[in-house]
1. Looking only at the stretch 20-47, filter to residues that are in contact with a strand residue (DSSP E or B) (Cβ under 9 Å, 6 or more places away or on another chain), within 20 Å of V114 (Cβ to Cβ) and at pLDDT below 95; which one of those is surrounded by the most Cβ atoms within 10 Å (Cβ to Cβ)?
2. State all residues of the stretch 103-119 that are within 18 Å of G47 (Cα to Cα) and either assigned to a loop (DSSP other than H, G, I, E, B) or out of contact with any Phe, Trp or Tyr (no Cβ under 8 Å at 6 or more places or on another chain) (or both); if no residue qualifies, say none.
3. Could you tell me which residue of the stretch 169-181 is surrounded by the fewest Cβ atoms within 10 Å (Cβ to Cβ), considering only residues that are assigned to a strand (DSSP E or B) and out of contact with any helix residue (DSSP H, G or I) (no Cβ under 7 Å at 6 or more places or on another chain)?
4. Return the only residue of A146, A140, A186 being under 23 Å from L68 (Cβ atoms) and in a loop (DSSP other than H, G, I, E, B).
5. Has the stretch 99-120 got at least one residue that is buried (at least 22 other Cβ atoms within 10 Å of the Cβ), touching a helix residue (DSSP H, G or I) at 6+ places or on another chain (Cβ under 6 Å), touching a residue at least 24 places away in the same chain (Cβ under 8 Å) and of a type in the set (G, A, S)?
6. What number of residues within the stretch 79-98 satisfy the criterion of being part of a loop (DSSP other than H, G, I, E, B) and either surrounded by 17 or more Cβ atoms within 10 Å (Cβ to Cβ) or polar (S, T, N, Q) (or both)?
7. Sort out which residues of the stretch 53-78 are buried (at least 19 other Cβ atoms within 10 Å of the Cβ), modelled with pLDDT of 95 or more and not in a loop (DSSP other than H, G, I, E, B), and write them in order of number.
8. Could you tell me which residue of the stretch 138-168 is surrounded by the fewest Cβ atoms within 10 Å (Cβ to Cβ), considering only residues that are within 15 Å of the chain's Cα centre (by Cα) and under 20 Å from E101 (Cα atoms)?
Amino acid sequence: MEKRDFFRAFFKNAKMVGSLRPSSKQLTKSMLNSVDFSKAKTIIELGPGTGVFTREILAKMAPDATLLVFELHDEFFHSLNKSIKDDRVHFIHDSAEKLKEYLDQHNMHQTDAVISSLPLANFPKELRANIVKAAIDSLADDGCLAQFQYSLQSKKYLKSMFPKVKINYIFWNFPPAFVYTCRKLAKPTI
């Protein structure tokens, strides 16, 4: 899928696509910095669009790791399914709210990282809450959610849901973006 297709998809459904163009290399690097690819066995990607992050995740993933990719947009889903051929990736044409259900179907139960490009600020509160709760419930102890947004609108909400949130500003992206790295801390052992 080319940049003009991405542009066209944005104007057809801005609430679902959320951007005029694919993510930059700098944004990709910042989004994936929080993932320890040498240890991560299960990774989830939400809203991959044209697959910029997907391809980089696959390049960094261990040979025995698995990537579940959730994409609701029909054109993006079919394009990704057609263009990315890798036995470690499973494309799912369903809502991110159901990520725990699909983890269970794949006998995985927990994930080490959730990489999300979903435009959370555009979503109704209930949908946003369901997706973030599903991500938290699916994360292993010390797992992380990497989420980017084009504003700080989600800052207060994500800080209320995660004990540790780090925010990076990525100027070299169009438009500039904020990367939220939200860590689910390990439960203390008694």
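1. Among residues in the stretch 20-47 that are in contact with a strand residue (DSSP E or B) (Cβ under 9 Å, 6 or more places away or on another chain), within 20 Å of V114 (Cβ to Cβ) and at pLDDT below 95, the one surrounded by the most Cβ atoms within 10 Å (Cβ to Cβ) is S23.
2. Filtering the stretch 103-119 for residues within 18 Å of G47 (Cα to Cα) gives 103, 111-119.
Matches in the stretch 103-119: L103, T111, D112, A113, V114, S117, L118, P119.
3. From the stretch 169-181, those assigned to a strand (DSSP E or B) are 169-170, 177-181; that's our starting set.
Among the residues that remain, those that are also out of contact with any helix residue (DSSP H, G or I) (no Cβ under 7 Å at 6 or more places or on another chain) are: 169, 178, 181.
Working: Y169: 11, F178: 20, T181: 22.
That would be Y169.
4. Details: A146 fails: in a loop (DSSP other than H, G, I, E, B); A140 fails: in a loop (DSSP other than H, G, I, E, B).
Result: A186 is the single residue among A146, A140, A186 that is under 23 Å from L68 (Cβ atoms) and in a loop (DSSP other than H, G, I, E, B).
5. Within the stretch 99-120, not a single residue is buried (at least 22 other Cβ atoms within 10 Å of the Cβ), touching a helix residue (DSSP H, G or I) at 6+ places or on another chain (Cβ under 6 Å), touching a residue at least 24 places away in the same chain (Cβ under 8 Å) and of a type in the set (G, A, S).
6. So the first thing to find is which residues in the stretch 79-98 are part of a loop (DSSP other than H, G, I, E, B), and the list is 84-88, 93-95.
Filter once more, so that each one left must be either surrounded by 17 or more Cβ atoms within 10 Å (Cβ to Cβ) or polar (S, T, N, Q) (or both): 95.
Selection size over the stretch 79-98: 1.
7. Those that are buried (at least 19 other Cβ atoms within 10 Å of the Cβ), modelled with pLDDT of 95 or more and not in a loop (DSSP other than H, G, I, E, B): F53, T54, I57, T66, L67, L68, V69, F70.
8. Result: L139.
The values are calculated or read from the model by the stated rules, or taken from the named source; none is laboratory data. In this text the structure is predicted, and so the values were computed from the model without any measurement. Note that each Cβ is placed from the backbone with ideal geometry, even for glycine, and that neighbours are counted across all protein chains shown.
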